[in-house]
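The values are calculated or read from the model by the stated rules, or taken from the named source; none is laboratory data. These numbers were taken from a predicted model, which means no experiment stands behind them. Counting neighbours? That spans all protein chains shown, and the Cβs are built from the backbone with ideal geometry, glycine included. Ligands, DNA and RNA are stripped out before the accessible areas are found, and what is left, the full protein with its side chains, is counted by its heavy atoms. Shrake-Rupley method; radii C 1.70, N 1.55, O 1.52, S 1.80 Å.
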Protein chains: 4
Amino acid sequence: MARIPVAVLGATGAVGQRFVQLLSDHPWFEVAAVAASERSAGRSYAEACHWGLSGAPPARVAAMEVAALEPTLDARLVFSALPAPVARSVEPLFAGAGYVVCSNASAFRTAPDVPLLIPEVNAPHLDMLSCQREARGWSGSLVTSPNCTVTAVAMALKPLHDAFGAQKVFAASMQAISGAGYPGVASLDIIDNVVPYIGGEEEKVQHETRILLGDVVGGTRREAEVEVSAHCNRVPVVDGHTVCLSVQFERQPAVFEALEVLRAFRGPSPVPNLPSAPRQPVHVRPEPDRPQPRRDRDTESGRVVTVGRVRECPLLDLRLVSVVHNTLRGAAGGAILNAELLVATGVLER
Amino acid sequence: MARIPVAVLGATGAVGQRFVQLLSDHPWFEVAAVAASERSAGRSYAEACHWGLSGAPPARVAAMEVAALEPTLDARLVFSALPAPVARSVEPLFAGAGYVVCSNASAFRTAPDVPLLIPEVNAPHLDMLSCQREARGWSGSLVTSPNCTVTAVAMALKPLHDAFGAQKVFAASMQAISGAGYPGVASLDIIDNVVPYIGGEEEKVQHETRILLGDVVGGTRREAEVEVSAHCNRVPVVDGHTVCLSVQFERQPAVFEALEVLRAFRGPSPVPNLPSAPRQPVHVRPEPDRPQPRRDRDTESGRVVTVGRVRECPLLDLRLVSVVHNTLRGAAGGAILNAELLVATGVLER
Amino acid sequence: MARIPVAVLGATGAVGQRFVQLLSDHPWFEVAAVAASERSAGRSYAEACHWGLSGAPPARVAAMEVAALEPTLDARLVFSALPAPVARSVEPLFAGAGYVVCSNASAFRTAPDVPLLIPEVNAPHLDMLSCQREARGWSGSLVTSPNCTVTAVAMALKPLHDAFGAQKVFAASMQAISGAGYPGVASLDIIDNVVPYIGGEEEKVQHETRILLGDVVGGTRREAEVEVSAHCNRVPVVDGHTVCLSVQFERQPAVFEALEVLRAFRGPSPVPNLPSAPRQPVHVRPEPDRPQPRRDRDTESGRVVTVGRVRECPLLDLRLVSVVHNTLRGAAGGAILNAELLVATGVLER
Amino acid sequence: MARIPVAVLGATGAVGQRFVQLLSDHPWFEVAAVAASERSAGRSYAEACHWGLSGAPPARVAAMEVAALEPTLDARLVFSALPAPVARSVEPLFAGAGYVVCSNASAFRTAPDVPLLIPEVNAPHLDMLSCQREARGWSGSLVTSPNCTVTAVAMALKPLHDAFGAQKVFAASMQAISGAGYPGVASLDIIDNVVPYIGGEEEKVQHETRILLGDVVGGTRREAEVEVSAHCNRVPVVDGHTVCLSVQFERQPAVFEALEVLRAFRGPSPVPNLPSAPRQPVHVRPEPDRPQPRRDRDTESGRVVTVGRVRECPLLDLRLVSVVHNTLRGAAGGAILNAELLVATGVLER
């Protein structure tokens, strides 16, 4: 089967580089174009990007000329790693011109007609897309993936929510520096230190969790009735966000029931069969001191959430810890899985 | 005034070294003896200890011979930095033999007749000491200082509790490696990593907070009715514990009221006049991204708790962040302040 | 082809775990037994080892019972990750009993009848093995792999030495914590710090480099006439040793000549065709700020040395920087490549 | 005695903040003005600077209005923490207008009529100042302090050079992130990593060492005949540069002779009596694993160089390790000591 040509917007930044890396040997997709801001456009990708991941950029993409952010790229499927203010104006241009845009930007995540998607968690939210086209007058589509900390929260909560009805969530995060892009966090701010603040992050965790655990009725989104209190911190970790959770449910589960439900979670069809889908979206570690970001972030090539320390909570029902690889699963990786779901469900052909 | 001779038990370990360092130019106290386990006893302090703090051990102490852990030391006031299992048998020996023991060990913190003391928070708990002597038949006394994470929690909560009545507390900690002693945490476990577990720590935070915020009636301790849910994590920070708190009160304060109360806090007389007492026990930082352990741990020579990000909580009433220097205030420093209070209130003379 | 059963001695330690991990999907070898000290023997591998690498130990090995360190294991090929003092007595037992031992321990590296081997650098040193059997009266063999810092030095120097004749070498290393095993370096010793000392390391770098660049004549080893001055440092890096080198040659090469020689290096036949052999043993990075341990240690699955900053030296002829993954190439990985060479050259059948 | 009013140019940057901090309780100097680029001028210092050191900026300075970089400041003595390109045009303006400028910028360090000064090392270089005024037609003066890595090299070498005549030096540095200013090094570049390159640094180490160890004859500078080969690396350390040195001398000293000379070093009169001068400029640590940046950078309030591991070198004569606090001694602190020397020798009155 010929691979589907795709483009990456914002390809020179930290998340853009992850897209290029992950797509370099993807079974369905092939990078046909890379686009970035005027500063980079016209130069070769190798010159324009300060490659920060392991090794060097894939040779084929390194040689490409970086295109401008205009909807004239030779690819119907487009990944966006644009900064939010740029995404706000550029992504609608592409969706309007018929492109299917899988965005990691926060610009449209909470728009009422734009799916905010984690395939294992809320694949049915794609039902919003026909309303979207109608409301916006777009010939293409726009689908977003959530904030990377939210991914650690929502994937751990989804199976528990379905079984026991989550009502209240306390979430304290310890987030990796790669979540802030490049150059991002100054080393003088974070070595031998913790920064107990990430601008806008707590609001995102609180709101996006409600959206992801919610449902779509008649093409319209209904947020879940979950109250979340988030405390977001930056810690000196390269990759992998860790979140401590306390959760209250409609029906309090025993610890063993929670573990069963977490281990059994697979996500709705056809998600488990997508090429980037992990064998098991939520891994449960039995050791008392796991999950840990450095030791668990790469499980199943970084596509999963790893959970552990499920135990009772003196205030709510259960406490647990969740770790996610913030760029392999949370940012670029999540958007690629979204794109695979769009292909598998025929959205790309519409 | 001649300085009071003191001894340090467990002087060669990490906390013991902090005692030696902090006591080296103390206005009231002078190290007259250092004692440690059999492995070290009989050697010079310089030889017996692998000094891990800045510079070198004070010359006067470096030359001392390390004594055995027997109550024959030439000092009536004794600081204990012993491991809990050793403290359990050694500290009663000293208290029974007439020594006043200021301990940083956890062995007797929750014993019903042993004060668990932070002078600014619960100086009146010293009223328990006469019951203690009677019950135990000791001619000396034993006073303990709390777990270092609890210090960050209790000092931040005390003024709020007095004013508004704390009822429920979420506490998610990010703790420094120096809290685990030496060699303590292996570097392979913590560089580029978070360990979401510290054995026994969550129970200590939950229980000791209740004790510290409680009161003493008729010589008997009554714990405060505060439910605490603790999530304790180790992070790659050398010194300084950071705790994210969500708190519910009997009467919900506005943010500005909480700030006023925190800033006005001074602790009961005679605590503010003790030589190691900070000018202001709780500092409040106005910046959105403070407190931070590396930048705030040394405020007032590390004797304070620094608080910031006081804001509303979607689940409880208020969220805030508290940072404490875990060894300068939390361990050795706290015990020295306790000893100063014992001197100032005449306990040492009894 | 049925895979060759192998055993790992010292399987529960840090290097032993790497052996188990790397052998878990090896095309020629299959772990048939794991052995360790009395403390571990008799327990399952999962119980006996505190797994510190990513994820969990391979399920098949996790279930094995750890055997004692006695030459009754059901495998003719044995990997040793024993500490040097244990290796000193145990490895000869195995070699004497007919096992072919590929050791990563330092115990026999400088013994005159034991090959110290990096296949790409000095495969012909295997000629020593017949002398070894004769001299020792062993029916098996013992081959060692070098110190992991030496690997970064010797692999970078070998092509230059062959072409231009290395005579003098300054080597200043910045070594990863994983090189010290587990628990190894205390976090209090290395976070926000450098330790400019690693016991015995400078002597190893100086001596083993001479051995590796030397040759074997008539079954006897002749060290190269290379004077090395080593400065060894521990830095807060998880994996990957970095070495700054200044080198003087018999014939001073231009920078471009050195680069050509480094890029062209492949190692002697049959090494390039071994399953673990990298496509290119020495990678050369053109960027001014490379190689870097975090970004280059995983090149070709960590099997290579990455070199950069080749430039003139005001004192000697050339300066350069070399990075190696100290456990994937330097310790476990190097010994596995040695074993592959032993199989390919028929030593295992003798 | 009334304190001398001083100004700080570039006061909002990382080194500028150190100037403000160190001058806040200086016995001779008092900050009378802070100046910075247009972006900051006109705002209060508190607003204009993102304070990155411990605690908060001194209240008196925090309230000052930041002035423009024009020679109309109310202070005759001026400290410059300007970036090199700005310093190149601004510093001559001030010196020409009669100010005495103590600069930490690299712009004029190698100019033949500008002293590059470490008081303990080359105080007599101030003899150049009369030539400077004549050649430049300045009514003021300009004195520079060296690169912070050079400080670790030159202070350790000076006593050895005087006694034994240094001829060749191999220097491999491991430099702290604070040496790069703020925001400086991105955390993604340095956590769990080493960057073996710092632009222009090796040339500075090589050249400035020759200048500092040289002398001034008839008002003209003569560089020392010392060949230096530098390898400069950035490591994940907050403060404190570590340098590994190998040195060859005209007359090879025994290790004990070198130690004697290092320990006896005090610097020329009147340097030891300046208020910021350390009791002993070079400390020698006897432990095999010292000096270390975190444990030795604060010795004598960070004003010294700490040396250790003095041992023989297989290639040259001696190896040793030197650590300096790069901002307390190397940058701001060094320039303040220079200013004290200018006051003590009457330059400020001329």
Give me the net charge of C:VAL153's neighbourhood, meaning all other residues with Cβ under 11 Å from the Cβ of C:VAL153; Lys, Arg count +1, Asp, Glu -1.
+2
Taking Cα atoms, how many degrees apart are the long axis of helix C:148-164 and the longest axis of chain C, rounded to 10 and kept between 0 and 90?
50
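On full extension of the chain, what length is gained from B:SER44 through B:GLN167, given 0.36 nm per residue of separation minus the C-alpha to C-alpha distance? Don't skip to the answer; put the middle values down first.
Working: separation 123, 0.36 × 123 = 44.28 nm, distance 5.05 nm.
This chain segment gains 39.2 nm when fully extended.
Nearest 100 Å² is fine: how much accessible area is buried between B and A, summed over both sides, with a 1.4 Å probe? The partial results should precede the final answer.
Details: alone 14330 and 14330 Å², together 24870 Å².
Buried surface at the B/A interface: approximately 3800 Å².
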In the range A:171-197, what residues drop by 50 Å² or more of accessible area when the other protein chains are put back, versus the chain on its own? Use 1.4 Å, and skip ligands and nucleic acids.
A:MET174, A:ILE177, A:TYR182, A:SER187, A:LEU188, A:ASP189, A:ILE191, A:ASP192, A:ASN193, A:VAL194, A:PRO196, A:TYR197
Could you state the accessible area per residue of the range C:18-158 in Å², with a 1.4 Å probe and every protein chain left in place?
35
Against the longest alpha carbon principal axis of chain B, how many degrees, from 0 to 90 and to the nearest 10, is the axis of helix B:332-344 turned?
80
Show that you can apply the helix-only estimate: for chain D, add -39,500 (n - 2.57) for every DSSP H stretch of four or more residues, divide by all residues, and state [θ] at 222 nm to the nearest 500.
-8500 deg cm²/dmol
Need one number: nm distance between label points at A:VAL217 and C:ALA84, each 7 Å from Cα along Cα→Cβ, rounded to one decimal.
7.3
Given the options A:VAL90, A:VAL271, A:VAL321, state which has the largest fluctuation in a GNM of chain A using a 10 Å cut-off (strictly under) for Cα springs.
A:VAL90
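Excluding B:SER103 itself, what net charge comes from residues whose Cβ is under 12 Å from its Cβ, given Lys and Arg +1 and Asp and Glu -1?
Details: positive: B:ARG88, B:ARG109; negative: B:GLU91.
Taking every other residue near B:SER103 into account, the sum is +1.
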Simple SL model, points at 7 angstrom along Cα→Cβ for B:SER301 and C:ASP25; separation in nm is 5.9
Using a Gaussian network model of chain D whose springs link C-alpha atoms within less than 10 Å, name the residue from D:GLY240, D:GLY333, D:GLY214 with the highest mean-square fluctuation.
D:GLY214
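At a 1.4 Å probe, what is the % contribution of carbon and sulfur to the accessible area of the protein assembly as shown?
Values: 22810 of 45350 Å².
Percent of accessible area from carbon and sulfur atoms in the protein assembly as shown: 50.
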When chain C is treated as a Gaussian network with springs between alpha carbons less than 10 Å apart, the largest mean-square fluctuation among C:LEU212, C:LEU93, C:LEU328 is found at C:LEU93
Per residue solvent-accessible surface (Å²) - the range B:230-350, probe of 1.4 Å:
30
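Express in nm, to one decimal, how much length is gained between D:ALA59 and D:ALA97 on full extension, taking 0.36 nm for each residue of separation and deducting their alpha carbon distance.
Length difference between fully extended and current span is 10.7 nm.
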By how many degrees, 0 to 90 and rounded to 10, does the Cα axis of helix C:84-96 deviate from the longest principal axis of chain C?
60
Surface accessible to a 1.4 Å probe, A:ASP127 within the full protein complex, Å²:
100
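For the range D:1-76, which GluC sites (Glu not before Pro) are both in a DSSP coil and crowded by at most 11 other Cβ atoms within 10 Å? Write down the numbers at each step before the final one.
Details: sites: D:GLU30, D:GLU38, D:GLU47, D:GLU65; in loops: D:GLU38.
Answer in residue order: D:GLU38.
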Please give me the summed charge of the neighbours of B:ALA186: other residues whose Cβ is under 15 Å from its Cβ, Lys and Arg +1, Asp and Glu -1.
-1
Listed pairs D:LYS158/D:LYS204; C:LYS204/D:LYS204; C:LYS158/D:LYS158; B:LYS168/B:LYS204 exceeding 26 Å between Cα atoms
C:LYS204/D:LYS204; C:LYS158/D:LYS158
By the Cα gyration tensor axes a ≥ b ≥ c (a/c under 1.5 gives rounded; else a/b larger than b/c gives prolate, otherwise oblate), the shape of the protein assembly as shown is rounded
How far apart, in nanometres, would the label points at A:ALA2 and B:ASP74 be if each is projected 7 angstrom from Cα along the Cα-to-Cβ direction?
9.5
Residues of the range C:24-65 losing 50 Å² or more of accessible area relative to the isolated chain, 1.4 Å probe, heavy atoms only?
C:GLY55
Work out from phi, with θ = phi - 60° and the Karplus expression 6.51 cos²θ - 1.76 cosθ + 1.60, the ³J(HN,Hα) of each residue of the range D:45-59, listed in order in whole Hz, and give x for Gly and Pro.
4, 4, 6, 6, 10, 8, 4, x, 7, 4, x, 10, x, x, 4
